[in-house]
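*Asks:* Got a structure for you, questions after.
All of the numbers you see were taken from the coordinates with simple rules; none came from a lab. Keep in mind the model is a prediction, meaning the values are calculated, not measured. Glycine gets a Cβ as well: all are built from the backbone with ideal geometry, and neighbour counts include every protein chain shown.
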Amino acid sequence: MSHFTKVATKINDLDALSAALDKLGYAHERGGRVRAWDGSEIDAAVKIAPPGTHYAIGVVPSGADADGGVSYELVADWWGLETTLGRTQGAITDEIARAYALARVSAACEAAGYMFEGEPVEQADGSIVLIATQWGG
Amino acid sequence: MKIKILPNGHIEMLYTDAIPLREIGQVSVRRASEVEYDHARGGWTVKFTSGGWLGADGRLAATLPAGAVFRTRAAALAAEVYYLEARL
């Protein structure tokens, strides 16, 4: 019998995030300071420089998880990003979250001995579908 | 194994222990089906928690049809997974 499963993905793997940002074409670097929405500057684990704007996105710890690991959240001067990119904060963060989830899941599947049938397929609603099969299966 | 990544980065799929889902994020799980042996019919049946039975033809039936048994448990599980993943 099967179980429907939902995973609320958390950014907790900076290597997977780097892979995702590379796929999106977003320049990024470990460390750096980012201006937040209130004008303050904060230290970031990763500083993302989206193309087409001088505003940056910071990846900062959002607190310890129940298992002791660290998750991250995206902070930025979202007004600046929205007005220079012409995209909403939600659209920008969703794009990064989706790419991160794809990189994270892909790495996990490959580590477990799965291979993918073809490329990920983007659906009309913006979701991505992967079909993974096990080696020899 | 079909994996669906939603526009907001959340993931939907049938549960597997093969990949460490808890390391990826907050996991929520709910039963999708029951696969049981029907002694009267001498085979395996698939009943969905949302209602209905899976026929041997791969279609959903409101009640258990006479032919809705699978000769092997493996066949029942494979048909169940195929049906559920097609609707993710």
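*Asks:* Counting only other chains, what is the mean number of Cβ atoms within 10 angstrom of the Cβ of each residue in peptide A:116-122? Intermediate results must be reported in sequence, preceding the final value.
*Replies:* On the way: counts 2, 1, 0, 0, 2, 0, 2.
Taking the mean over all residues of the peptide, I get 1.
*Asks:* Expected output is a single nm value to one decimal: the length gained when fully extending between B:Thr49 and B:Ala86, i.e. 0.36 nm times separation in residues minus the C-alpha distance. What is it?
*Replies:* 11.7 nm
*Asks:* Taking only the alpha-carbon atoms of the protein assembly as shown, what semi-axes of the equivalent ellipsoid follow from 5 times the gyration tensor eigenvalues under a square root, in whole Å, largest first? List each step's numbers first, then the result.
*Replies:* Values: eigenvalues 367, 53, 46 Å².
Values for the protein assembly as shown, descending: 43, 16, 15 Å.
*Asks:* Partner chain Cβ atoms within 10 Å, averaged over the residues of A:99-107 - can you pull that number for me? Working shown, then result.
*Replies:* Details: counts 2, 3, 9, 4, 0, 7, 7, 2, 2.
Across the residues of A:99-107, the mean count of other-chain Cβ atoms within 10 Å is 4.
*Asks:* Residues with amide H under 5 Å of B:Thr49's amide H, sequence separation 5 or more or different chain, H placed in the peptide plane at 1.01 Å from N; which?
*Replies:* Residues meeting the criterion, in which the H sits 1.01 Å from N, are B:Ser33, B:Glu34.
*Asks:* Taking R0 as 41 Å, what's the FRET efficiency between B:Ala66 and A:Trp135 from their Cβ-Cβ distance, rounded to 0.05? Numbers along the way, then the final one.
*Replies:* Values: r = 40 Å, r/R0 = 0.97.
The value I calculate is 0.55.
*Asks:* Give the shape of the stretch A:66-108 as rounded, prolate or oblate, defined through the alpha-carbon gyration tensor: a ≥ b ≥ c are the square roots of its eigenvalues, a/c under 1.5 means rounded, and otherwise the shape is prolate if a/b is larger than b/c and oblate if not.
*Replies:* Numbers: a/c = 4.34, a/b = 1.72, b/c = 2.52.
It is oblate, given that a/c is not under 1.5 and a/b is not larger than b/c.
*Asks:* Near A:Lys47, which lysines are there with a Cα under 25 Å away, not counting those fewer than 8 places off in the same chain?
*Replies:* Candidates past the 8-residue exclusion: A:Lys10, A:Lys23.
*Asks:* While we're looking at this one, here's another question. Let a ≥ b ≥ c be the square roots of the eigenvalues of the Cα gyration tensor of the stretch A:33-120; is it rounded (a/c under 1.5), or, if not, prolate (a/b larger than b/c) or oblate?
*Replies:* Details: a/c = 2.99, a/b = 1.52, b/c = 1.97.
Judged from the Cα gyration tensor, the stretch A:33-120 comes out oblate (a/c at least 1.5, b/c at or above a/b).
*Asks:* For a quick protection proxy, order the peptides A:51-64, A:8-21 by their average other-Cβ count within 10 Å, most packed first. Mind dumping the intermediate values first?
*Replies:* Details: A:51-64: 16.0, A:8-21: 19.5.
Result, highest mean first: A:8-21, A:51-64.
*Asks:* Compute the angle between helix B:73-86 and the longest alpha-carbon principal axis of chain B, please, reported from 0 to 90 degrees and rounded to the nearest 10.
*Replies:* The answer is roughly 50 degrees.
*Asks:* Rg over Rh of chain B, using C-alpha atoms and the Kirkwood radius, what does it come to?
*Replies:* On the way: Rg = 14.8 Å, Rh = 14.2 Å.
Computed over Cα atoms, the ratio is 1.04.
*Asks:* How large is the charge dipole for the stretch A:5-68, taken about the Cα centre, if only the Cβ atoms of Lys, Arg (+1) and Asp, Glu (-1) carry charge, to the nearest 20 debye?
*Replies:* Numbers: 7 positive and 9 negative charges, 41 e Å.
It comes to approximately 200 debye.
*Asks:* Next question. Please give the length that would be gained between A:Lys23 and A:Glu73 if that part of the chain were fully extended, namely 0.36 nm times their separation in residues minus their C-alpha to C-alpha distance (nm, one decimal).
*Replies:* Working: separation 50, 0.36 × 50 = 18.00 nm, distance 1.94 nm.
Result for the pair: 16.1 nm of gain on full extension.
*Asks:* Now for a different question. Could you list the residues of the stretch A:1-20 with an amide nitrogen less than 17 Å from a label point located 7 Å from the Cα of B:Arg41 in the Cα-to-C-beta direction?
*Replies:* Label zone hits: A:1-2.
*Asks:* I'd like the mean, over residues of B:13-22, of how many other protein chain beta carbons sit within 10 Å of each residue's own Cβ. List each step's numbers first, then the result.
*Replies:* Working: counts 9, 4, 5, 7, 1, 8, 11, 3, 6, 4.
Per-residue shielding by partner chains comes out at 6.
*Asks:* Hey, what angle do you get for helix A:14-24 against the long axis of chain A, alpha-carbon based, 0 to 90 degrees rounded to 10?
*Replies:* Relative to chain A, helix A:14-24 is tipped by roughly 80 degrees.
*Asks:* In addition: Relative to a virtual label point 7 Å from the Cα of A:His54 in the Cα→beta-carbon direction, which members of the stretch A:67-95 show backbone nitrogen distances below 17 Å?
*Replies:* Residues A:77-86 qualify, since their backbone N sits under 17 Å from the label point.
*Asks:* Could I ask something else about it? Would you mind ranking A:Val105, B:Val69 so that the residue whose beta carbon has the fewest other beta carbons within 10 Å leads the list? Before the final figure, lay out the partial values.
*Replies:* Values: A:Val105 25, B:Val69 21.
Fewest-to-most Cβ neighbours within 10 Å comes out as B:Val69, A:Val105.
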